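Please read the structure below before turning to the comments.
The values are calculated or read from the model by the stated rules, or taken from the named source; none is laboratory data. As the structure is a prediction and not an experimental result, all values here were calculated from the model. So basically every Cβ, Gly included, is an ideal-geometry build from the backbone, and we count neighbours across all protein chains shown. When the accessible area is computed, the model is the full protein with side chains, heavy atoms only, and any ligands, DNA or RNA have been set aside. Shrake-Rupley method; radii C 1.70, N 1.55, O 1.52, S 1.80 Å.
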Amino acid sequence: AGVDGIGALYGYGTREELQSSGAAAVVESIEALTKLLLGGLPMEKGLFITLEGPDGCGKSTQARLLAQRLRQLGHRVVETREPGGCPISERIRALVLDANEKGMCDVTEALLFAASRAQHVHDVIRPAIERGDTVLCDRFVDSSIVFQGEARGLGRELVAAINAPAVDGVMPDITLLLMMDPIEAICRRRAERAPDRIEADDALAKRVYEAYRALAQREPKRVRVVDACGSVEQISAQIRLIVADI
């Protein structure tokens, strides 16, 4: 038909088979294909999607289902979480969530979350976005604003300032905020496992819920509210519709 074809070695077939079939070029990876097609032009950056909500609202399950769906559509997806996401940040996670660390003060908690985030952005999130991957992150800086800034009472401005060098300009393109009754959510989580240091505080959970509501009102374009009271399938359907728009 007079149309050039490019052979992809990350699929099926050998280089010899692809060349004998008339491939004008053969590439070994999606990155090589992108370089060939763009001819040196800068690669389009990937999408950064975060999931937020009260502990126990089902974020992790929905993040996994969304990642599966995006991969089915041909996207390269990096799944990650906070606190954590890379070796140094996972070590900080173990400390900050340790139920035995009852003496940790609120400022220390906020600084540890920011430290974990700085390494996470440096090692995982920014490189993936610059490669053109879609990044799905279970919690990000909004959690610090809500938990430490609002619910712990440190103030949004202080926590935002602490996290400014940590995020280094990297912010989500869209945030999926899963909302349900905070006590119901925390009971669901406790039925699965023992609560960590933060989950053990019922009064904190209620303040977190209200702080998330306020966040959604402040940033309605970025923060999209998802009703997390239905079945896993119903929640997933809501999320697919939201993500389809972008």
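One table, with the values for the structure above:
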read-out	value
Tally of residues being in contact with a Lys or Arg (Cβ under 8 Å, 6 or more places away or on another chain) and open to solvent by less than 50 Å² (accessible area, probe 1.4 Å) across the stretch 99-130	6
The stretch 79-96 - residue that is under 17 Å from Ala114 (Cβ atoms) and open to solvent by 70 Å² or more (accessible area, probe 1.4 Å) and, of those, farthest from the chain's Cα centre (by Cα)	Leu95
Matching residues, the stretch 20-30, being surrounded by 14 or more Cβ atoms within 10 Å (Cβ to Cβ) and out of contact with any Asp or Glu (no Cβ under 9 Å at 6 or more places or on another chain)	Val26, Val27, Ile30
So Arg76, is it open to solvent by 80 Å² or more (accessible area, probe 1.4 Å) and either among the hydroxyl-bearing types (Ser, Thr, Tyr) or touching a helix residue (DSSP H, G or I) at 6+ places or on another chain (Cβ under 8 Å) (or both)	no
